[in-house]
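Novice: Pasting a structure below so you can have a look.
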Amino acid sequence: MEGPGRGIRGTAWTVILFLLLPLAVVLPVSLTDQPYLSLPLHTLSLQYYANLLHSADWQSSILQSLLVACVSAGIAVILGTLCAIGCWRMGDHWAKAIQALMLIPIVVPTIVYALGLYRFYAQLGLLDTLLGIILAHAVTAIPYVVVIVSTGLSGVDARLEQAARSLGAGPIVAMRRVLLPLLRPAMLSGGLFAFVHSWDELVIVLFIAGRRVFTLPRRMWDGINDKLDPTLAAVAVLLVILSAALLFLDLWLRARREQT
Amino acid sequence: MNSGAYRWFPIPALLLLVLAYLVPLSQVLMISVTDPELGLGNYALLVTSPSIARVLATTARICVITATAALVLGYVVAYCMTQARPAVRRLMLVGVLLPLWVSVLARSFAWVTLLRREGVVNSVLMGAGLIQSPLPLMWNEFGVSVGMIHTMLPYAILPMASHMRGLDPALMAAARGMGASRAQAFRRVFLPLSLPGVIGAGVLVLIFSLGFYVTPVLLGGGRVRMVAEYISLQIQELLQWGTGTMLATALIAAIGLLLFLLSRAVGLRALSGAR
Amino acid sequence: MTQEFGDDLRLLGRRGLLGGVAAASFAPSLVRAAVPEVVMCNWGGDAMKAFNDAFVGPYATSTGGKLVLDGSGPTNGKIRAMVEAKNVSWDLCDSGVTGLAELATRNLLAPIDYTVVDKSKVEPAFAYEYGVCNYMFSSVMAWDTTRVKGTPTMADFFDLKKIPGKRMIRKDSQAMIEMALVADGVPIDKLYPMDVDRAIAKFQTIKDSILTWDTGAQSQSLLRDGEVSMGWLWHTRATLLKREPNSKIDWNFTGGVLQPGLWVVPKGNPAGKQAMMAIASMQDPANQVKLLSALGNGPANPKAAPLVPEDLRSIDPGYPSNAAVQSLINADWYHDNHGKTFKRFLDFLSA
């Protein structure tokens, strides 16, 4: 099959370079010898990586964020995918209403939700708890999953699933065997966005956290607000390296599988 | 056909939405008619306050610019990803996914480093003799748009790409086989088929950009005031909770109306992903 | 590390939905000590350690009680949310004149008990019904010495021909209105009631050259990076900039605005009257000088002046010779005018 023209491909790669541009800055900044976010002046230094690896505060924040982001993204992916599939099959006005409703968490400015959440959690005793943050992040991440999985579903031929059902498969089996494999890329990107949403979420955390819950964004905010602490650049670089390593490992494994 | 079982699928998500979102939200939105006094005084501000009108206009302008740029550029990337060999596609995917791991805070400061007066971009351009004095790339709507488009691109690319991959490549091949040029086959076959993905991504990106807070604050230099910052100021500093929650309510109504009109225009099935 | 993570996990259910399980593990903290714990909330960062070093130890020694810091930022919004939800977790909040204006007018604060807090140990202008000075700071002018020859005047801030380059102000009307009026020729002791129209008109003359800052760190980087040639910022940040190696930044107090950092007590605070004891304990001049040397925050207690070491006098905002060249912020004016002035100022910036 012939691909798109050279001009189109050139544009696509330019956009990808644009996406990577901030990374090209964050890497040298993480190696700065200065006490604030800046390009290195005289020499390269690993002090902010050392800070990250030796500071109990940063480690505790990373673990808290990891837990919150994994659990909330898990909840969002499961509930969001189910919701998208249900709406897809219903395909009526109810489905449309449910999908519009699911968008509300990204329409409402976060600070307004945070304010409501504060009053609500105060009654339930969930302020300044990880459970409280997880629930809030899960519900605000569902829209991403619903939108992306719905978009993925619109490319799926409903007859495939109907065929499976007519051969005697129940809805659960039909979903697992036919739909879920087709939806894997959409679920993965939805889950990724849900994870990143929680991993980067600051407004809710600042409003409902107190002395105990100190997620990574809050730690970074604390450092940047006060003195542009370059440790957040080191966090970004480590994450990029880690995720790049995982992605390349995946590429390599697939390439090997295709060869054999 | 027995689709009865599927009716239950959205229930868990709806339960979570109602309990953890709509209940606390509705309590707080009530403030818009009770604070500082009972009545619709806050809603009158929508038509009487020039500063709110300006904030909303700025927000709409930047969101439309951001969403359009992210969709057009993102479409090109998604299209190339779909058409590329698997290895190249995954490489492109890596390029799209990596920036997600850099927090919005770190990214904003990277843009400051790149775009400020004595920043990397201006230094390179001046070193190359292309410009005589630094370009105003930051502390204005341009800088804010660059930062927002960058953040939004992955959210535009991934839904469009995952939708395009579900399309049947045989259709394009058939069109070509019947003598259509590459451009014709794209315009007549691929583009219309890929539209639901574009609409899904567009809704996500447009709505998502409404809520931007950090990027306009850090890259706008105080000049670019978007609705999220305005609302936050009302709630956190000025304690004008009525005004802040009124604006949130108005946003929900405006987006609801937009979705309604959109579903009328493109058909509700395309929007809900149903066939 | 594992220990810490264990603690984190336990947070999952702090007296929440899993309350039954969690109550057991938190039982010890529910037992009320003889002296209730006092929670003091500030804005995080370096101030956490500095406040801890200066005040927590002495408070424990003098009262036998515990003073705990929370750095999550006592915004007006969060204080109102706490008070209205009757779920106040802070006893003392690090606020200011504008915070006082918004919070006190809405009846969200407990009055300061001046039978416990010693009014003679605080600058009289900064002891209010619902807030009392805990340190002093100034908004001052700093400049880039590579672009400004000699010591500039406040009027030079608006003279783009004499000194080219951008100007930096805070995205907050507080102190910025005062400084614009001083630059326009209003004497520092005749500022109030302020002519906001006149100040805005003054800013209008350099509008296209104005950049604003939100956080203290940002004000430092705009000057350090050469984005602006002059700027109005907190004296604490100006001090840090001047101390950096090879610094090109200089500043002075002339024409600046002396402001109080205020302790305010949210209504219904958990430790009740004990909060006043904590404020009283922090009035000790020697400990306030410790805060000055750590952060540059000036002592609230006028009796601290003789204790200020010679090398710190030039950065102590309330030191008599420094206070003499600055205006003194007027909380009464802000009580009546803050909200509308702030909105007006922001509208001007984004217009």
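Novice: Tally up the residues in the stretch B:180-214 that are more than 11 Å from chain A (Cβ to nearest Cβ) and of a type in the set (S, T, Y), please. Spell out the reasoning first.
Specialist: Of the stretch B:180-214, the ones more than 11 Å from chain A (Cβ to nearest Cβ) are B:180-181, B:184, B:187-189, B:191-192.
Those still in the list that are of a type in the set (S, T, Y) too: B:181.
Total satisfying the criteria: 1.
Novice: Given the criteria within 10 Å of chain A (Cβ to nearest Cβ), assigned to a helix (DSSP H, G or I) and under 16 Å from the mean Cα position of the chain (by Cα), does B:G244 qualify? First the steps, then the outcome.
Specialist: Details: within 10 Å of chain A (Cβ to nearest Cβ): yes; assigned to a helix (DSSP H, G or I): yes; under 16 Å from the mean Cα position of the chain (by Cα): no.
It is false that B:G244 is within 10 Å of chain A (Cβ to nearest Cβ), assigned to a helix (DSSP H, G or I) and under 16 Å from the mean Cα position of the chain (by Cα).
Novice: Residues in the stretch A:88-104 that are within 23 Å of the chain's Cα centre (by Cα) and crowded, with 24+ Cβ neighbours inside 10 Å: how many?
Specialist: Just the residues of the stretch A:88-104 that are within 23 Å of the chain's Cα centre (by Cα), to begin with: A:98-104.
Next cut, crowded, with 24+ Cβ neighbours inside 10 Å only: A:99, A:102.
Here the count works out to 2.
Novice: Right, here's the next one. Just one of the numbered conditions (1) on the phi > 0 side of the Ramachandran plot; (2) at the interface with chain B (Cβ under 10 Å from one of its Cβ atoms) is not true of A:L183; which one?
Specialist: If we test A:L183 against (1) on the phi > 0 side of the Ramachandran plot; (2) at the interface with chain B (Cβ under 10 Å from one of its Cβ atoms), just (1) comes out false.
Novice: What single numbered condition from (1) more than 18 Å from B:Y6 (Cβ to Cβ); (2) touching a Gly at 6+ places or on another chain (Cβ under 7 Å) fails to hold for A:W199?
Specialist: (2)
Novice: When you go through (1) assigned to a strand (DSSP E or B); (2) away from chain A (no Cβ under 13 Å) one by one for C:V68, which number turns out not to apply?
Specialist: With respect to (1) assigned to a strand (DSSP E or B); (2) away from chain A (no Cβ under 13 Å), C:V68 is out only on (2).
Novice: Out of A:A136, A:A163, A:A169, I need the residue that is among the small types (G, A, S) and either touching a strand residue (DSSP E or B) at 6+ places or on another chain (Cβ under 8 Å) or within 20 Å of B:L25 (Cα to Cα) (or both). Which one?
Specialist: Numbers: A:A163 fails: either touching a strand residue (DSSP E or B) at 6+ places or on another chain (Cβ under 8 Å) or within 20 Å of B:L25 (Cα to Cα) (or both); A:A169 fails: either touching a strand residue (DSSP E or B) at 6+ places or on another chain (Cβ under 8 Å) or within 20 Å of B:L25 (Cα to Cα) (or both).
Criteria check complete, one pass: A:A136.
Novice: So, one more: Just to be sure, is A:L103 of a type in the set (A, V, I, L, M, F, W, C), over 30 Å from B:V266 (Cβ atoms) and within 7 Å of chain B (Cβ to nearest Cβ)?
Specialist: Numbers: of a type in the set (A, V, I, L, M, F, W, C): yes; over 30 Å from B:V266 (Cβ atoms): no; within 7 Å of chain B (Cβ to nearest Cβ): yes.
Considered against the rule, which asks whether it is of a type in the set (A, V, I, L, M, F, W, C), over 30 Å from B:V266 (Cβ atoms) and within 7 Å of chain B (Cβ to nearest Cβ), A:L103 comes out as no.
Novice: Within the stretch C:237-280, count every residue that is in contact with a strand residue (DSSP E or B) (Cβ under 6 Å, 6 or more places away or on another chain) and outside any strand (DSSP E or B).
Specialist: Looking only at that region, the number is 10.
Novice: Just to check your reading of the model, which residue among A:L135, A:L126, A:L115 is modelled with pLDDT of 90 or more, assigned to a loop (DSSP other than H, G, I, E, B) and in contact with a helix residue (DSSP H, G or I) (Cβ under 7 Å, 6 or more places away or on another chain)? Full working, then the answer.
Specialist: Numbers: A:L135 fails: assigned to a loop (DSSP other than H, G, I, E, B); A:L115 fails: assigned to a loop (DSSP other than H, G, I, E, B).
One residue alone meets the criteria, A:L126.
Novice: Just checking, which of C:Q288, C:Q274, C:Q283 is more than 20 Å from the chain's Cα centre (by Cα) and touching a residue at least 12 places away in the same chain (Cβ under 8 Å)? Working first, answer last.
Specialist: Values: C:Q288 fails: more than 20 Å from the chain's Cα centre (by Cα); C:Q283 fails: more than 20 Å from the chain's Cα centre (by Cα).
Being more than 20 Å from the chain's Cα centre (by Cα) and touching a residue at least 12 places away in the same chain (Cβ under 8 Å) holds for just one of C:Q288, C:Q274, C:Q283, which is C:Q274.
Novice: Here's something else I'd like to know. When you scan the stretch A:191-199, do you find a residue that is within 14 Å of chain C (Cβ to nearest Cβ), among the aromatic types (F, W, Y) and touching a residue at least 40 places away in the same chain (Cβ under 8 Å), even just one?
Specialist: Applying the first criterion (within 14 Å of chain C (Cβ to nearest Cβ)) to the stretch A:191-199 yields none.
There is no residue in the stretch A:191-199 that is within 14 Å of chain C (Cβ to nearest Cβ), among the aromatic types (F, W, Y) and touching a residue at least 40 places away in the same chain (Cβ under 8 Å).
Novice: So, one more: Return the residues of the stretch A:51-81 that are open to solvent by less than 40 Å² (accessible area, probe 1.4 Å) and more than 15 Å from A:W199 (Cβ to Cβ); say none if nothing qualifies.
Specialist: A:L52, A:S55, A:S60, A:L79, A:G80, A:T81
Novice: A further question on this structure: Only one of A:L79, A:L117 is under 19 Å from the mean Cα position of the chain (by Cα) and facing chain B (nearest Cβ under 7 Å); which?
Specialist: Details: A:L117 fails: under 19 Å from the mean Cα position of the chain (by Cα).
Of the residues listed, the single one that is under 19 Å from the mean Cα position of the chain (by Cα) and facing chain B (nearest Cβ under 7 Å) is A:L79.
Novice: Would you be able to say whether some residue in the stretch B:229-238 is assigned to a loop (DSSP other than H, G, I, E, B) and closer than 25 Å to C:F345 by Cβ?
Specialist: Within the stretch B:229-238, the subset assigned to a loop (DSSP other than H, G, I, E, B) is B:237-238.
With closer than 25 Å to C:F345 by Cβ added as a condition, the list becomes B:237-238.
Yes: the stretch B:229-238 contains one or more residues that are assigned to a loop (DSSP other than H, G, I, E, B) and closer than 25 Å to C:F345 by Cβ.
Novice: Just one of (1) modelled with pLDDT of 90 or more; (2) open to solvent by 10 Å² or more (accessible area, probe 1.4 Å) trips up B:G147, so point out which.
Specialist: Result: B:G147 fails condition (2) only.
Novice: Further question on the same structure: Can B:M178 be described as in contact with a helix residue (DSSP H, G or I) (Cβ under 7 Å, 6 or more places away or on another chain) and aliphatic (A, V, I, L, M)?
Specialist: Values: in contact with a helix residue (DSSP H, G or I) (Cβ under 7 Å, 6 or more places away or on another chain): no; aliphatic (A, V, I, L, M): yes.
Answer is no for this residue.
Novice: Name the single residue, out of those in the stretch B:76-87 being more than 7 Å from chain A (Cβ to nearest Cβ) and in contact with a Gly (Cβ under 9 Å, 6 or more places away or on another chain), that is farthest from B:L167 (Cα to Cα).
Specialist: Here is the first cut: in the stretch B:76-87, the ones more than 7 Å from chain A (Cβ to nearest Cβ) are B:78, B:81-82, B:85-86.
Then drop every residue that is not in contact with a Gly (Cβ under 9 Å, 6 or more places away or on another chain), which leaves B:78, B:85.
On the way: B:A78: 13, B:R85: 16 Å.
Only one residue fits best here, namely B:R85.
Novice: Within the stretch C:73-90, identify whether any single residue is over 23 Å from C:R237 (Cβ atoms), assigned to a strand (DSSP E or B) and either away from every other protein chain (no Cβ under 14 Å) or among the aliphatic types (A, V, I, L, M) (or both), and answer yes or no.
Specialist: Residues of the stretch C:73-90 that are over 23 Å from C:R237 (Cβ atoms), as a first pass: C:77-90.
Now drop any that are not assigned to a strand (DSSP E or B), which leaves none.
No, the conditions are met nowhere in the stretch C:73-90.
Novice: Tell me the residue from B:A156, B:A185, B:A161, B:A180 that is in a loop (DSSP other than H, G, I, E, B) and at negative phi, please. If you could, list the steps in order and put the result at the bottom.
Specialist: On the way: B:A156 fails: in a loop (DSSP other than H, G, I, E, B); B:A185 fails: in a loop (DSSP other than H, G, I, E, B); B:A161 fails: in a loop (DSSP other than H, G, I, E, B).
Among B:A156, B:A185, B:A161, B:A180, only B:A180 is in a loop (DSSP other than H, G, I, E, B) and at negative phi.
Novice: Tally the residues that are touching a Leu at 6+ places or on another chain (Cβ under 6 Å), within 21 Å of A:P109 (Cα to Cα) and among the hydrophobic types (A, V, I, L, M, F, W, C), restricting the search to the stretch A:165-221.
Specialist: Within the stretch A:165-221, residues that are touching a Leu at 6+ places or on another chain (Cβ under 6 Å), within 21 Å of A:P109 (Cα to Cα) and among the hydrophobic types (A, V, I, L, M, F, W, C) number 3.
Novice: Separate question: Please go through (1) assigned to a loop (DSSP other than H, G, I, E, B); (2) within 15 Å of B:Q236 (Cα to Cα) for C:T98 and return the number of the only condition it doesn't satisfy.
Specialist: In the conditions (1) assigned to a loop (DSSP other than H, G, I, E, B); (2) within 15 Å of B:Q236 (Cα to Cα), C:T98 misses (1) alone.
Novice: Considering only the stretch B:166-179, I want to know if a residue exists there that is at pLDDT below 90, within 13 Å of chain A (Cβ to nearest Cβ) and either under 18 Å from A:A12 (Cα atoms) or touching a Leu at 6+ places or on another chain (Cβ under 6 Å) (or both).
Specialist: For the stretch B:166-179, residues at pLDDT below 90, within 13 Å of chain A (Cβ to nearest Cβ) and either under 18 Å from A:A12 (Cα atoms) or touching a Leu at 6+ places or on another chain (Cβ under 6 Å) (or both): present.
Novice: Collect the residues in the stretch B:88-102 that are free of Cβ contacts under 8 Å to residues at least 12 places away in the same chain and either charged (D, E, K, R) or within 7 Å of chain A (Cβ to nearest Cβ) (or both), keeping them in residue-number order.
Specialist: Here is the first cut: in the stretch B:88-102, the ones free of Cβ contacts under 8 Å to residues at least 12 places away in the same chain are B:88-91, B:94-95, B:98, B:101-102.
Correct list: B:R89, B:R90, B:V94, B:G95, B:L98, B:W101, B:V102.
Novice: Okay, moving on. Would you mind telling me which numbered condition in (1) surrounded by 18 or more Cβ atoms within 10 Å (Cβ to Cβ); (2) without any contact (Cβ under 8 Å) to a residue 40 or more places away in the chain; (3) within 28 Å of A:S72 (Cβ to Cβ) A:A164 fails?
Specialist: (3)
Novice: Confirm whether A:S243 is more than 30 Å from A:P40 (Cα to Cα), of a type in the set (S, T, Y), away from chain C (no Cβ under 14 Å) and in a helix (DSSP H, G or I).
Specialist: no
Novice: Could you list, in sequence order, all residues of the stretch C:199-236 that are within 15 Å of C:Q174 (Cα to Cα) and part of a helix (DSSP H, G or I)?
Specialist: Of everything in the stretch C:199-236, those that are within 15 Å of C:Q174 (Cα to Cα) and part of a helix (DSSP H, G or I) turn out to be C:A199, C:I200, C:F203, C:G216, C:H235.
Results for (1) touching a strand residue (DSSP E or B) at 6+ places or on another chain (Cβ under 9 Å); (2) among the basic types (K, R); (3) closer than 27 Å to A:P35 by Cβ; (4) buried (at least 21 other Cβ atoms within 10 Å of the Cβ), shown as yes or no for each residue.
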site: C:G45; (1), (2), (3), (4): no, no, yes, yes
site: C:D53; (1), (2), (3), (4): no, no, yes, no
site: C:I79; (1), (2), (3), (4): yes, no, no, yes
site: C:D91; (1), (2), (3), (4): yes, no, no, yes
site: C:A104; (1), (2), (3), (4): yes, no, no, no
site: C:A110; (1), (2), (3), (4): yes, no, no, no
site: C:F137; (1), (2), (3), (4): yes, no, yes, yes
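Novice: While we're here: Taking B:V144 as the residue in question, decide whether it is facing chain A (nearest Cβ under 9 Å), part of a helix (DSSP H, G or I) and of a type in the set (V, I, T). Reasoning before the result, please.
Specialist: Details: facing chain A (nearest Cβ under 9 Å): no; part of a helix (DSSP H, G or I): yes; of a type in the set (V, I, T): yes.
Criteria not met by B:V144.
The values are calculated or read from the model by the stated rules, or taken from the named source; none is laboratory data. As the structure is a prediction and not an experimental result, all values here were calculated from the model. When we count neighbours, we look across all protein chains shown, and the Cβ atoms used for this are built from the backbone with ideal geometry, even at glycine. Remember, those area values only see protein heavy atoms, side chains included, never the ligands or the DNA or RNA. Shrake-Rupley method; radii C 1.70, N 1.55, O 1.52, S 1.80 Å.
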